Amino acid sequence: MGETSGTHQEEEALGKAIDLPLLRRLFRLAIPYRKYVIGSLVVLVLESAVGLAGPLLTAAAIDLILAPKAKRDVASEIVHRSLAWLGLPTQGTAGLGAIALLFLVATVAAFLLTVLMILWTSQMGQGVMYDLRTRIFGHLQRSDIAVYDRTPVGRLMTRLTTDVDALNELFTSGFVSLLGDVAVLGGIVGLLFALNASLAAVTFGVLLPMLFVTNWFRKGARDTYRDVRTRIARVNSFLQEHLSGAAVVQLFRQEKRTLEKFAVINDEHRRANIRSIFYYAVFYPALDLLSAVGMAAIVAYGGWLVLRGRMSVGAVVAFLQYSKRFYRPLMDLSEKYNILQAAMASSERIFKLLDSAPGIAAPGHATPVPEPFRGDVVFEAVQFGYNPGEPVLKGIDFHAEPGKTIAFVGATGSGKSTILSLLLRFYDPLAGRVLVDGIDVKDFDPVEMRRRFGIVLQDTFLFSGTIAENVSFFDQAMPRERIEKACVDVGLGPLLSRIPGGLDAKLTERGGGLSVGEKQLVSFARALARDPRILILDEATSSVDPETEEKIEEAISRLLVGRTSLVVAHRLSTIVRADRILVVSHGEIREAGTHSELLERNGIYARLYALQLKDREAAA
């Protein structure tokens, strides 16, 4: 439970709204799309300027109708000079028509500029998302297996999906919209003070209470936002676990208890949402109230100025329109603040992942894999542990000569599969050496070395695609004849003749539609199709029925000839013909020899074999 809570806290933690080092790294991601960035900023400035023209035109039109001969106010003067510069009429009905035309042009221009800005910012955001997701996936492809052992796959999926989406929102709406709000606010402040400084001061009198309410909302919404996200993460986690295990729940008749537990978790999410709604329920009406107070102050004081001839009616109307546009961005700032916080937290997690260098990598001057590759495997005093102070292997020594079969037996957790992981260099030993053809595996490029291995694991994993694609592992260059031969050699012939499409039969995710044994046979054919020099079988027959196991053993007896084979087996009947059997116990090799030699020794292996023989006899 503690680990789960820690995961939720890491996933839902909000970062600083402004983190300059992270922002610099983020904006470097946009460098390949700088033409869209520059274009969006230019369009943003133009759109903000065009958007500010509307109230000025309205003020000029009102003054032209109500007081055509009065002294022009600042707003009317700006519009009058603009009309004159454009060669348009400035008086009477013609002047009014010219103002209406300018208003229409400004509206259409604002529309076109907004469309262009959205297109360009979306191009930039989608491009950054594509690059970042490709970069993260490529990094995960090169990461150590240890990363997947200690990190839940769901958390890695979050890096590729939710966190990248948060950055896309920052690039496409949050940051650009924030700059647009700042530009609009700056323009409005300048215009209001140009129109009438004293009325502008009255207009901004409600600004301080607005900032206070906004800060209150920001803090409260931030905490409840985190709480809601944590609760929904727990809901999703519970649903994923119990829907995947629905058959087990029904088998043990735990539907009622499971429903009651879900109701508690779901209710916690409901309560968290209600707490968050309170802040929204107060915040927006409070800002509407304050903005209404501000506009009432404009009407009262502005009207007083109009009556004394110190301001025109049109200018007061412009004040009302500008103040309404001024208050709206203030209302949106808290939402943009949350976008910035979420983006900073997401970017921190993404860059932390990308900055983690793989511990297992090719050396600067990798030793070429020798040709011909003999498949000679030696472990010299190898020690290893996944956690400090918890040794798994305590000095493993053995020699697998080319073409020989070495079998590993022992209790679960004794270190058998760890030995294979060190050979494949998924991990490096803490002490000792692992040699292949007399060369330390650390000196090879691990990718090139692993090409010489064929592997069949207990947990079979098949991908969406045809049987042929799964056997070749989507290698277009692999001859069809080799794929078909590998399938026949492992006993897949009856399946291929029965299933529609044969080798071209489509498999769903994880091989849906095939039995456990059939999926294992496909996995076995995948390993053999590459004609490996070293074959690794890790509990490869533990999930198949006796008939299928017999087919695999027949194929193994033919196909292991001439290959170095390392076999981890729970069923001892599958390794009686091994050239050498190593009994692993508590990270050490306690016994070694052939099947008959170990039986004569009457030690650990003999007891294990007697127990399995007794179980088989009892089952018979």
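Can you tell me which residue within the range 220-274, out of those that are of a type in the set (Phe, Trp, Tyr) and surrounded by 16 or more Cβ atoms within 10 Å (Cβ to Cβ), is nearest to residue 341 (Cα to Cα)? Ranking the candidates gives 225 first.
Considering 191, 167, the condition of being farther than 26 Å from residue 129 by Cβ, crowded, with 18+ Cβ neighbours inside 10 Å and at pLDDT 80 or above is satisfied by 191 alone. Among the residues making up the range 367-387, those that are among the hydrophobic types (A, V, I, L, M, F, W, C) and either part of a loop (DSSP other than H, G, I, E, B) or under 21 Å from residue 405 (Cβ atoms) (or both) are 369, 373, 377, 378, 379, 382. Restricting attention to the range 240-288, the residues that are at pLDDT 85 or above and among the hydroxyl-bearing types (Ser, Thr, Tyr) add up to 1. Residue pairs whose Cβ atoms lie under 6 Å apart, separated by 6 or more positions or on different chains, with the first residue in the range 196-210 and farther than 17 Å from residue 300 by Cβ and touching a residue at least 12 places away in the same chain (Cβ under 8 Å) and the second assigned to a helix (DSSP H, G or I) and not aromatic (Phe, Trp, Tyr), are 209/290; 210/290; 210/330.
Residues in the range 285-309 that are exposed (fewer than 13 other Cβ atoms within 10 Å of the Cβ), under 14 Å from residue 327 (Cα atoms) and not hydrophobic (A, V, I, L, M, F, W, C): 285, 288. Exactly one residue among 290, 207, 305, 211 is part of a helix (DSSP H, G or I), touching a Pro at 6+ places or on another chain (Cβ under 9 Å), of a type outside the set (Phe, Trp, Tyr) and over 25 Å from residue 157 (Cβ atoms), and that residue is 290. With respect to the stated conditions, residue 146 fails to be crowded, with 18+ Cβ neighbours inside 10 Å and in a helix (DSSP H, G or I). Among the conditions (1) modelled with pLDDT under 90; (2) more than 35 Å from the chain's Cα centre (by Cα), residue 402 misses just one, which is (1). So, in the range 434-443, exactly how many residues are touching a helix residue (DSSP H, G or I) at 6+ places or on another chain (Cβ under 9 Å) and in contact (Cβ under 8 Å) with a residue 60 or more places away in the chain? So the answer is 1. Against the test of being assigned to a helix (DSSP H, G or I), under 30 Å from residue 607 (Cβ atoms) and out of contact with any helix residue (DSSP H, G or I) (no Cβ under 9 Å at 6 or more places or on another chain), the options 421, 417 yield a single qualifying residue, 417. Scanning the range 14-36 for residues that are modelled with pLDDT under 85 and under 19 Å from residue 118 (Cα atoms) returns a single hit, 27.
Considering only residues in the range 170-188 that are within 21 Å of the chain's Cα centre (by Cα) and of a type in the set (S, T, N, Q), the one that is surrounded by the fewest Cβ atoms within 10 Å (Cβ to Cβ) turns out to be 173.
The values are calculated or read from the model by the stated rules, or taken from the named source; none is laboratory data. Owing to the predicted nature of the structure, the values given are computational and were not obtained by experimental measurement. Glycine also receives a Cβ, built like all others from the backbone with ideal geometry; neighbour counts cover every protein chain displayed.
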